[in-house]
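Q: This is the structure I have questions about; it appears just below.
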Amino acid sequence: MEFLNPILFVLILFSSTIPILSFSHFSPIDHYLIDCGSTLKSTVDHRIFLSDSSSSSSLFLSSPRSFSLKNQHPFQGLPPIYNSARVFEMPSKYELQINDKGTHMVRLHFQAFTSSNLDLIRAQFHVLVNGYVVLSNFSGVSAVNPRIKEFLIWVGTETLEITFVPVKKSKFAFVNAIEVISAPKDLVADSAKYLSYEHSGNVDGLSKEGREVLYRVNVGGPKVTPFNDSFWRTWVPDDEHFESNDGSKKVYSSGRIKYQEGGASREVCPDNVYNTARVIKSTNSSIPNMNMTWTFPAINGYNYIVRLHFCDIASISIGFLFFNIYVNGYNAYENFDLSTATNWELSSPFYLDFMVSGDEQGVLRISIGSSNHSVPYAIDGLLNGIEIMKLNNSLGSFVGNLSTEMILKRCQGNTINLVPYIVILCLVVIVSLMLRRKVIRRDDSFSWSKLPVVDSWKVKSNMGIVNS
């Protein structure tokens, strides 16, 4: 362990921009990288995105009215996947063949731009994924920075469907790129500790619940890009969310992270997150009476999974690190003993999952503080990483109060149904043909006969007309 100094900080910044090729062992069975609206493949961080118009037996685009749009003025510094888009004027869907049933990461990329035909900033639409409403009335896509929405979806079928439904007043939807990747089997835990005022305890059966990934934070360290993550994730620095700077320190270790069987794997969280941390350190015989606190926005009415990552890279010896964990004011874990959790190994990663409900304050707080078991002249609190994921509500939605069925029903109501008109037209044609045939038959029933021969003289005689 070494405390962060300028030289080491440069080293970690340097390491976060160099791919850890030897660490990229994860090879997903389902791995779709789709460049939507492009006619050519694109390369991003050594990853190849294929055009959605390419012929592939495992990818099918069903769209009655869609077209590709190309940015005539490409963005400087942005990956090429944001220079094209697929635009949908009617409900449309991608169908992807799934060979590995289980949790899949679904990542959607949006970047608005203006062409001579259309301004993508005006788009408003819904997005459905296998029965989940992942986006509802989605709009406000920036023309400056891309918006990336990521979800973890359990797929138990042979296909995964991603449906785009334009909102009536917008009349179109769009997407720049799509990623669908089968997740590592140990990424999503089936249980978490539920925290509330009424009761706290483990909740099971969470592995098949949908999740929206809201935040991945590298505590005490720099940004980690997909280049340096075996599951191609981005981890942002914690400075924007960290509240209490006084009394805490950033630390960095250049040593090897010791992953253990049954513990956190490199696919759960990468080395560059476990190699950095913020700590509370006692420098004398007294124990600091303080908390390190991070805050995040949260929406009332939804449940959240809070995953906290720990790796003791700061202690000089095992068995001296104890601290308390607080989530939204609840004492989530008292006197947490990281040494016991990691089988008495330093630099060995471990994570904890908590489930908490969003409240009316709209803020989710995470705190690490010293405990009554903390030891002087030692590390009295530590945190390496934070992940926050939102669970879907009872309607299967991650936003709003619309279910998939409601959205599709509205869509059908807004679409002119031509079937009744076609049926009526056919009936009219049939009736007119029947009437015409009846008239023709009646005309054919009249037969011609000879007129009777009348003696003209007799007629004249009877009329008193006689020629003399």
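Q: Between residue 256 and residue 295, what FRET efficiency comes out of the Förster formula 1/(1 + (r/R0)^6) with R0 = 56 Å and r the beta carbon distance, rounded to 0.05?
A: It comes out at approximately 0.95.
Q: Let me ask you something else. Calculate the all-directions average of the projected area of the stretch 257-338's alpha-carbon convex hull, and give it in nm².
A: 7.4 nm²
Q: Which loop-located trypsin sites (Lys or Arg not before Pro) does the stretch 255-295 contain, where loop means any DSSP state but H, G, I, E or B and the Cβ has at most 12 other Cβ atoms within 10 Å?
A: Within the stretch 255-295, the qualifying trypsin sites (Lys or Arg not before Pro) (loop, at most 12 other Cβ atoms within 10 Å) are 256.
Q: When the distances between all Cα atoms of the stretch 313-415 are binned every 10 Å from zero, what whole-number percent does each bin get?
A: Pair shares across the bins are 12, 33, 22, 15, 10, 6, 2, 0.
Q: With a ≥ b ≥ c the root eigenvalues of the C-alpha gyration tensor of the stretch 178-277, is it rounded (a/c under 1.5), prolate (a/b larger than b/c) or oblate?
A: Note, shape of the stretch 178-277 comes out oblate.
Q: Also: Please list, by residue number, every one of the trypsin sites (Lys or Arg not before Pro) in the stretch 44-152 that is coil in DSSP and has at most 16 other beta-carbon atoms within 10 Å.
A: Filter output for the stretch 44-152: 65, 101.
Q: If you count, for each residue, the other Cβ atoms within 10 Å and average over each peptide, how do 136-144, 330-338 line up from highest to lowest?
A: Result, highest mean Cβ count within 10 Å first: 330-338, 136-144.
Q: Sort the following peptides by mean Cβ neighbour count (other Cβ atoms within 10 Å, averaged over residues), highest first: 125-134, 159-168, 358-367.
A: Answer by packing, highest mean first, reads 125-134, 159-168, 358-367.
Q: From the phi angles alone, apply the Karplus equation (6.51, -1.76, 1.60; θ = phi - 60°) to the stretch 139-156 and give each ³J(HN,Hα) in whole Hz, x where the residue is Gly or Pro.
A: My calculation for the stretch 139-156 gives 7, x, 5, 6, 8, 10, 10, x, 10, 10, 10, 10, 9, 10, 10, 6, 10, x Hz in order.
Q: What are the semi-axes of the equivalent ellipsoid for the stretch 98-171, taken as the square roots of 5 times the Cα gyration tensor eigenvalues, largest first, in whole Å?
A: Each semi-axis is the square root of five times an eigenvalue, giving 27, 13, 10 Å.
Q: So which chymotrypsin sites (Phe, Trp or Tyr not before Pro) in the stretch 170-249 end up in coil per DSSP with only 16 or fewer other C-beta atoms within 10 Å?
A: For chymotrypsin sites (Phe, Trp or Tyr not before Pro) across the stretch 170-249 that sit outside H, G, I, E and B with at most 16 neighbouring Cβ atoms in 10 Å, the list reads 197.
Q: Which value, in nm² and rounded to one decimal, describes the direction-averaged projected area of the C-alpha convex hull of the stretch 198-336?
A: The Cα convex hull of the stretch 198-336, projected and averaged over all directions, gives 10.6 nm².
Where a number appears in this text, it was derived from the coordinates with a stated rule and is not lab data. Since the model is a prediction, treat every value here as computed from it, not as a measurement. As a convention, Cβ positions derive from the backbone with ideal geometry for all residues, glycine included, and neighbour counts pool all protein chains shown.
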